[in-house]
1. May I ask you to list the residues in region 50-61 that are assigned to a helix (DSSP H, G or I) and surrounded by 24 or more Cβ atoms within 10 Å (Cβ to Cβ)?
2. Tally up the residues in region 181-206 that are over 25 Å from the mean Cα position of the chain (by Cα) and part of a loop (DSSP other than H, G, I, E, B), please.
3. Just to be sure, is Glu344 in contact with a Lys or Arg (Cβ under 8 Å, 6 or more places away or on another chain) and within 21 Å of Ala410 (Cα to Cα)?
4. Which count do you get for residues in region 441-463 that are crowded, with 16+ Cβ neighbours inside 10 Å and either in contact with a Cys (Cβ under 9 Å, 6 or more places away or on another chain) or touching a residue at least 24 places away in the same chain (Cβ under 8 Å) (or both)?
5. Regarding region 140-151, can at least one residue be identified that is without any contact (Cβ under 8 Å) to a residue 12 or more places away in the chain and not β-branched (Val, Ile, Thr)?
6. Among the residues of region 125-177, write down those that are touching a strand residue (DSSP E or B) at 6+ places or on another chain (Cβ under 8 Å) and more than 21 Å from Thr206 (Cα to Cα).
7. In this structure, is Asp446 closer than 21 Å to Gly400 by Cβ and of a type outside the set (A, V, I, L, M)?
8. Would you pick out the residues in region 73-101 that are free of Cβ contacts under 8 Å to residues at least 40 places away in the same chain and more than 36 Å from the chain's Cα centre (by Cα)?
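The values are calculated or read from the model by the stated rules, or taken from the named source; none is laboratory data. Computed from a predicted model, the values in this text were never measured in an experiment. Positions of Cβ are generated from backbone atoms using ideal geometry, with glycine treated the same way; all protein chains shown enter the neighbour counts.
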Amino acid sequence: MINEFSQIRDAYHRGVIAQNPNLQAIHEQYKSLTDLGIKGDTDEDLYHLAARFADAEAVSFLKDSGIKPAQDKYGNTALHALAASKFDLKDPEIEVKAQAIYATAKLLLEAGVNPKKKNDAGKLAYFDAGSSYMYPLVDALADNGVRMDATDSEGKNLLHDISDKLTHRKSIPGALQAATNTIRILLQKAGLDPEDKDIFGTTALTYAQRSGVKEIAALLSGDESDTITAGMTLHEAVLHKDIEAVEALCASGADLNEMSDSYKRTPLMLACEYPSAPMVDLLISHGVDVNFTAGSGETATYFLLTKGINNFGRGMSQQLKDMVAILRSLTNAGLDTDAVISNEGDTALNVLCQAGYLADLNADLAEVLIDAGCDINKPNSRGLTPLMSFAGKGNEPKYGIAELLLDNNADVNYVDSTGTTALMHAAANQDHASAKRMVSLILDADDSGKDKVNNTGQTALDLAIQNNNDAVVKLLLA
């Protein structure tokens, strides 16, 4: 029995290799069988075999002969076999194969194959077909009223799955048209809702927008003609690095300063958080408010200085110097450099002086703010000036921020809310080399504060001794 099954299978394979299968001869083999219930070595029946080669006439013969379809040893139905058949998206004769697949699928349904039967791996035939853009199989099921709304373990339905995977498949010849056909069928015939969200709260439209396939995104948005913005909001267009869409949305009157419910940011904040110098310049050219403040007090500058380096490369900018260029663009557009941009009352310069690694751009960024005329001594809500903020934790040998601030007349005698001066903060810096360098710089600027005490009665010398920094102790005793 297996031998007869193999003979028919081999005849199909020879036809595929020759690119000219003799289907009439193969059908005669079917008709010559004394037992149409024969199976292959994985318990595939003749329905599986005929489906694998989209042979509608063979399926029709089996159906008319009263043969009941079954599952193979792995739980696959004949529809699973059809979904695994060859469907070459770049074949110029693809519609011929599509018609054969459609006809085969219809006949399998008539023969009693259950389209909602999962195999042992938990796979549905229509999900596999849709994921590979086999639109004729999906179309046949839809025309038979099959609702193809199953989801995977992440809550993704076929619309999600297709749109998400387009990121890596959109360059495959024929893939875009086949995906479009599949999605159109799912929307128009299969009852899938484009607004359904997966477990991550993401719609198929968002996945299509992320994939950069505007034709699909436009289809999912309900306006297939809009392939410029493809249903994107201004926030989404900024995040997707789509200059063309941002330009169109700005020109159409989109609110440039809108706080998104989803992102809790304005478009400019997103362009700074995920550094995109061209996007920042474009938004500025359309009149965005560079000083707009979120309800929690943050501005675009705050996100640039606190998030930009960690997110660098996820926006349009690929050169680190763009961080400096973005800040300069903001100051040139009227940035209030003395405005509070954090909940702790920090100005941009104070935020910068509290930052750690900024790709060695710390001094360059500080210079932009200083050149723009910022108040170099404006304290935050704890009374810390930029110099004090940097003196306490900064790496002076690496960044040279303290020297830059002192060269621009930073006040060394200012006292914070704990009675601590910049000299005391520097003496307590855990980086002994930085402490030594900054204490030396501050004493050179003004050594009158050596004997001042903080609210706990400690001098800079006391703090240096407590910090076991002999080099600073020596400087303070000199």
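1. The first filter runs over region 50-61 and keeps only residues assigned to a helix (DSSP H, G or I), leaving 50-52, 56-61.
Once the filter is applied, which keeps residues that are assigned to a helix (DSSP H, G or I) and surrounded by 24 or more Cβ atoms within 10 Å (Cβ to Cβ), region 50-61 yields Ala50, Ala51, Ala58, Val59.
2. Number satisfying all stated conditions: 3.
3. On the way: in contact with a Lys or Arg (Cβ under 8 Å, 6 or more places away or on another chain): yes; within 21 Å of Ala410 (Cα to Cα): yes.
So Glu344 fits the description; yes.
4. Keep residues of region 441-463 that are crowded, with 16+ Cβ neighbours inside 10 Å, which gives 441-443, 445, 449-450, 452, 454, 458-463.
Filter again for either in contact with a Cys (Cβ under 9 Å, 6 or more places away or on another chain) or touching a residue at least 24 places away in the same chain (Cβ under 8 Å) (or both), leaving 441-443, 445, 449-450, 452, 454, 458-461, 463.
Of the residues in that region, 13 qualify.
5. Narrowing region 140-151 to residues without any contact (Cβ under 8 Å) to a residue 12 or more places away in the chain: 145.
Next, only the ones that are not β-branched (Val, Ile, Thr) stay: 145.
Yes, that holds for at least one residue.
6. none
7. Values: closer than 21 Å to Gly400 by Cβ: yes; of a type outside the set (A, V, I, L, M): yes.
Here the answer is yes, as Asp446 does meet what is asked.
8. Passing the criteria: Lys73, Ala78, Glu93, Val96, Gln99.
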